[in-house]
Amino acid sequence: MSLFNPMERKYLTTDLLIIGGGTAGCYAAITAARQARDLRILIAEKANIKRSGCLAAGVNALNAYITEGQTVRDYLEFVRWDAEKIIRDDLVLSMAEGFNETAADLERMGLVILKDERGKYVTRGRQNIKINGENIKPLLAAEVGRYGNIEVLNHVNITDYLTAEGRVFGAVGFGVEEEIEYGISARAVLIATGGAAGLYRPNNPGFSRHKMWYPPFNTGAGYAMGIRAGAEMTSFEMRFVAQRCKDTIAPTGTIALGVGAREVNARGEIYEKQYGLSTSGRAYGTTNETYEGRGPCYLRTKGITSEQDEELLRAYLNMAPAQTLKWIESGRLPSEQNVEIEGTEPYIVGGHTGSGYWVDTRRRTTLANLYAAGDVSGGAPKKFVTGALAEGAIAAETILSDIKNIPPAEEAVVRARAEKVFLDYERRLSDAPQEPYDVFAIEEAMQKVMDEYAGGIKTAYRYNAGQLALADSSIDRLIVLAEGLTGPDMDTLVHIYELRERLTVCKVLIAHLCARKETRWPGFAVHTDHPQLSGDYECYVNSKWLDGHLEVFTRPLVREGAYEHTY
Amino acid sequence: MSIHIDRDKCIRCGACREICPGNLIGRTTDGTAYLRHPEECWGCASCLKECRHEAIFYFLGADIGGQGSRMQTNREGDLTHWIISSPGREPFTITVDRRESNKY
Ligand SMILES: Cc1cc2nc3c(=O)[nH]c(=O)nc-3n(C[C@H](O)[C@H](O)[C@H](O)COP(=O)(O)OP(=O)(O)OC[C@H]3O[C@@H](n4cnc5c(N)ncnc54)[C@H](O)[C@@H]3O)c2cc1C
Ligand code: SF4
Ligand code: SF4
């Protein structure tokens with residue numbers, strides 16, 4: 001690229017722009033298209049909706065379903081218990097009301113769901129139903145393709161909203177390979193970019209550094225765009241640490257629930273009961289047993305039958321094929337060796353814990369005309385697949401009722417705002433040598449800082465105020481260095497913007513960790529200055545970027561009824 | 001964790017490039033697919049399943065216990081055959097039927 005040959009500029013106009021064609025994004029598009037055949041819907045997706053985001057490899061079950069004898073209220077109480085009370089009742093209830101309908105819709109799209117002889121779904125535990133989830137994403141993408149009013153823009157990385165005075169009217173991005181920059185004007189925008197991985201040094205920091213649980217390509221773009229535009233965020237300090245199979249970082253639920261394997265330490269003692277059975281409790285058990293010298297920890301599979309071996313091999317091929325390969329390659333199947341487990345690096349993911357946009361009951365963010373659904377949206381943990389779909393549907397319905405009153409933005413305003421961002425892309429696309437640091441060097445530095453000072457794997461998820469202060473100043477230093485990064489091609493440009501997103505999320509995350517002066521979810525985070533749970537923090541920690549600084553504050557818990565923003 | 005693309009088997013159809021969730025697969029000047037950054041592979045196996053020419057194999061990095069085995073897939077309608085070849089052993093095949101749910 002030279003000064004004489006800037007990127008090609010394209011301006012697009014639509015009614016509803018959906019950023020991120022993952023689980024929630026695709027389903028929001030489908031819901032809106034079914035109800036409003038003349039609405040123009042555009043999905044802007046960084047990869048290809050056929051295999052993008054969390055569902056790319058497949059999933060092993062639908063983890064959120066209201067099974068026979070259970071109610072949405074039971075689900076609410078389960079989530080409240082699991083998250084130690086820091087949830088939004090209104091959001092969890094409205095999402096849970098959609099679980100079964102979205103599961104039935106997936107089945108209509110072709111998802112195979114296991115049924116008993118009476119034609120009823122076979123359940124796994126209290127909230128799960130069994131499926132073949134290998135092709136769940138291609139099925140969703142095929143359904144998107146059935147509606148003529150949905151246009152899909154694959155391979156476009158969105159980096160910024162178009163905003164003015166607290167109102168969003170589109171977004172800006174660029175081709176991940178083609179030198180094209182896009183300015184997209186829309187009456188309503190749904191953000192559905194998922195959560196953020198790769199903030200902390202991962203379990204396998206070397207060659208297999210991307211062998212992580214959460215998709216390494218979900219880099220927190222939606223959070224970062226919202227933060228920079230002044231949207232209110234909630235519960236970033238409620239990080240998610242997953243308990244996973246060692247090395248392959250494959251989910252463990254299929255083993256634990258499927259063959260009833262218990263968690264044991266190196267001495268063979270079952271420890272799970274000691275720490276409680278919540279998600280955080282389980283994660284804490286494994287971390288603490290190891291920390292105190294009783295590791296490694298395992299899921300005790302030795303002695304299962306050969307049929308169980310075979311089922312596990314197949315089930316993992318449908319969602320985490322590395323684990324099946326590992327069993328075969330080692331020459332010992334799970335019946336012959338226990339499965340070693342470990343905690344992952346912390347992720348920010350509103351589909352498992354509560355981090356994300358602060359939304360009203362109808363999934364409106366605090367920025368006008370911007371809506372959020374799925375892992376990017378906060379306050380409603382334990383969404384899983386069906387919850388992300390349900391939130392996509394709720395957001396789509398809200399948009400359909402709001403959009404009549406949203407006028408399109410003026411073209412001159414769109415162009416002026418977009419151009420500012422384009423100039424940044426053009427500045428960064430350069431053949432100049434990347435010295436002395438390239439984007440990978442700064443990413444590694446960020447992960448080291450977060451690991452050591454903001455409660456990563458290295459410290460067994462522990463931190464104190466002094467360490468957080470060091471983390472904060474180091475992230476500030478890296479933000480400055482990242483501003484100067486340039487790269488010779490679009491692929492490097494994607495990496496540069498992903499790094500910028502992660503640094504923004506880290507900055508907010510650190511501020512939230514500082515603000516919650518207690519330890520509520522010991523499996524996810526231990527504040528060593530305040531190692532106990534405190535009644536004073538039965539509230540949300542929220543934040544907002546205002547006039548160049550981050551304001552962090554608390555809000556009282558929202559219980560039932562509808563919650564509306566008051567500006 | 002990563003994949004390897006066999007230059008000689010690749011027919012340059014671009015299917016793997018199109019669907020990699022991390023946009024990790026590039027194209028050499030002659031159109032052959034190649035993995036840009038092997039360390040960035042998530043190991044989702046999407047490219048493997050998409051390639052109908054068995055040009056891609058999947059392996060575990062040495063840092064996560066790999067022993068040099070290669071995993072490939074071969075599709076026949078709803079059936080996916082996963083073929084694992086380990087040094088010094090007969091290939092091992094597991095067949096998964098898309099129409100059948102996981103039992104666990
Ligand atoms: C490995 C794994 C296994 C899981 N297994 C199960 C399971 O068995 N059962 C279950 O119920 N739940 C499971 N979950 C949880 C569930 O899959 C997620 O909660 C849900 O899919 C999240 O949906 P989402 O739409 O928020 O995110 P995603 O589906 O990840 O969608 C986000 C999309 O945004 C795109 N994107 C990101 N950044 C940008 C950008 N800057 N510009 C444009 N596009 C962008 C991404 O490419 C992606 O397509 C699993 C999750 C993971 C990660
Ligand atoms: S899908 Fe297979 S044949 Fe096609 S480009 Fe990729 S590696 Fe080559
Ligand atoms: S395994 Fe997945 S992440 Fe790795 S190259 Fe293939 S499609 Fe991309």
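The values are calculated or read from the model by the stated rules, or taken from the named source; none is laboratory data. Small disclaimer: the values here were computed from a predicted structure and weren't measured. Glycine also receives a Cβ, built like all others from the backbone with ideal geometry; neighbour counts cover every protein chain displayed. For accessibility, only protein heavy atoms count, side chains too; no ligands or nucleic acids. Shrake-Rupley method; radii C 1.70, N 1.55, O 1.52, S 1.80 Å.
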(request) Determine whether the stretch A:71-89 contains at least one residue that is on the phi > 0 side of the Ramachandran plot and surrounded by fewer than 24 Cβ atoms within 10 Å (Cβ to Cβ). (result) yes
(request) Scan the stretch A:35-62 residue by residue and report those that are within 16 Å of ligand 3 (Cβ to nearest atom) and of a type in the set (Lys, Arg). (result) A:46, A:50, A:51
(message) Return the pair list, or none, for Cβ contacts closer than 8 Å from residues in the stretch B:1-22 that are more than 9 Å from chain A (Cβ to nearest Cβ) and under 13 Å from residue B:59 (Cβ atoms) to residues that are near ligand 2 (Cβ under 6 Å from one of its atoms) and aliphatic (A, V, I, L, M), at least 6 apart or on different chains.
(response) B:3/B:56; B:4/B:56; B:5/B:33; B:5/B:55; B:5/B:56; B:6/B:55; B:6/B:56
(request) Would you be able to say whether some residue in the stretch A:58-71 is more than 16 Å from ligand 2 (Cβ to nearest atom), closer than 23 Å to residue A:370 by Cα, of a type in the set (Val, Ile, Thr) and more than 14 Å from chain B (Cβ to nearest Cβ)? (result) no
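Okay, residues lined up against (1) within 24 Å of residue A:104 (Cα to Cα); (2) in contact (Cβ under 8 Å) with a residue 12 or more places away in the chain:
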site	(1), (2)
A:347	no, yes
A:353	no, yes
A:356	no, yes
A:361	yes, yes
A:366	no, yes
A:392	yes, yes
A:401	no, no
(request) Report whether or not residue B:94 is at the interface with chain A (Cβ under 10 Å from one of its Cβ atoms), open to solvent by 10 Å² or more (accessible area, probe 1.4 Å) and modelled with pLDDT of 95 or more. (result) yes
(request) For the stretch A:165-184, enumerate the residues that are part of a strand (DSSP E or B) and either open to solvent by 10 Å² or more (accessible area, probe 1.4 Å) or aromatic (Phe, Trp, Tyr) (or both). (result) A:167, A:169, A:174, A:180, A:182
(message) Given the condition within 27 Å of residue A:168 (Cα to Cα) and touching a strand residue (DSSP E or B) at 6+ places or on another chain (Cβ under 8 Å), answer yes or no: does some residue in the stretch A:200-216 qualify?
(response) no
(request) Mind listing whichever residues of the stretch B:18-49 are within 11 Å of ligand 2 (Cβ to nearest atom) and buried (at least 21 other Cβ atoms within 10 Å of the Cβ)? (result) B:19, B:20, B:25, B:33, B:46, B:47, B:48, B:49
(message) Give me the residue from the stretch A:186-210 that is open to solvent by less than 10 Å² (accessible area, probe 1.4 Å), touching a helix residue (DSSP H, G or I) at 6+ places or on another chain (Cβ under 8 Å) and in a strand (DSSP E or B) and, out of that set, farthest from the other protein chains (Cβ to nearest Cβ).
(response) A:188
(message) Just to be sure I understand, how many residues within the stretch A:319-366 are part of a loop (DSSP other than H, G, I, E, B), touching an Asp or Glu at 6+ places or on another chain (Cβ under 9 Å) and open to solvent by 10 Å² or more (accessible area, probe 1.4 Å)?
(response) 8
(request) Tell me, please, whether a residue that is within 12 Å of chain B (Cβ to nearest Cβ) and without any contact (Cβ under 8 Å) to a residue 24 or more places away in the chain can be found in the stretch A:122-129. (result) yes
(request) Find the residue count for the stretch A:211-247, including only residues that are open to solvent by 10 Å² or more (accessible area, probe 1.4 Å) and under 12 Å from residue A:498 (Cβ atoms). (result) 3
